[in-house]
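Notes for the one structure printed next.
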Amino acid sequence: MQRITPNLWFDTEAEEAAGFYCSVFESSRIVNVTRYTEAGPREAGTVMAVEFELDGQRFVGINGGPQFTFDEAISFVVHCEDQEEVDRYWSKLTAGGEEGPCGWCKDRFGLSWQVVPNGFEEIMGDPDPARRDRAMKAVLGMKKLDVVAIRAAADAAPVS
């Protein structure tokens, strides 16, 4: 049993979103779909909640109505093995969504993601402050992160 399960609130798109996310991430599946009953508050038979797994991580999507929407205060980080993976996830997640700065994007449902290459945290936490600073300046100029460009910026000799 997973101790903490993110619950994502949608107006009416929980099943569509779960299907989309399962198509983006390998080893993913829809676990269960629960429908509203005659008791309401929505029309009987319409989807109330969808349990799904993305690469082993369990989520619940609930069709709770339009009163709540996603914003950048909550997001998910996708850790990628290499630039090819960054490119693939970036392309899929931004389709119908929008690109943001520093590896952040929103999918077509408005959910925020940061797509990061392997080694990103290591570079950003480098013990050499000048190296970290050069890497950060490079990241701040990017939308989709480019690990080669970030490493090149970090490794660049300071301008005298």
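The values are calculated or read from the model by the stated rules, or taken from the named source; none is laboratory data. Just so we're clear, the structure is a prediction, and the values are computed from it rather than from any experiment. When we count neighbours, we look across all protein chains shown, and the Cβ atoms used for this are built from the backbone with ideal geometry, even at glycine. With ligands, DNA and RNA removed, areas are computed over all heavy atoms of the protein, side chains included. Shrake-Rupley method; radii C 1.70, N 1.55, O 1.52, S 1.80 Å.
Among the residues making up region 24-45, those that are without any contact (Cβ under 8 Å) to a residue 24 or more places away in the chain and either closer than 25 Å to residue 90 by Cβ or not in a loop (DSSP other than H, G, I, E, B) (or both) are 30, 32, 33, 34, 35.
Results for (1) surrounded by fewer than 20 Cβ atoms within 10 Å (Cβ to Cβ); (2) modelled with pLDDT of 95 or more, shown as yes or no for each residue.
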| residue | (1), (2) |
| --- | --- |
| 114 | yes, yes |
| 120 | no, no |
| 142 | yes, yes |
| 145 | no, yes |
| 148 | yes, no |
| 151 | yes, no |
| 156 | yes, no |
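Among the conditions (1) within 26 Å of residue 100 (Cβ to Cβ); (2) under 16 Å from the mean Cα position of the chain (by Cα), the only one that residue 58 does not satisfy is (1). The set of residues in region 122-131 that are open to solvent by 80 Å² or more (accessible area, probe 1.4 Å) and closer than 20 Å to residue 86 by Cβ contains only 122. Of the set (1) of a type in the set (D, E, K, R); (2) over 30 Å from residue 36 (Cα atoms); (3) under 17 Å from the mean Cα position of the chain (by Cα), all apply to residue 72 but (2). Of all residues in region 6-32, those that are within 18 Å of residue 46 (Cβ to Cβ) and modelled with pLDDT under 95 total 0. Scanning region 80-107 for residues that are in contact (Cβ under 8 Å) with a residue 60 or more places away in the chain, farther than 17 Å from residue 54 by Cα and either surrounded by 14 or more Cβ atoms within 10 Å (Cβ to Cβ) or hydroxyl-bearing (Ser, Thr, Tyr) (or both) turns up just one, 83.
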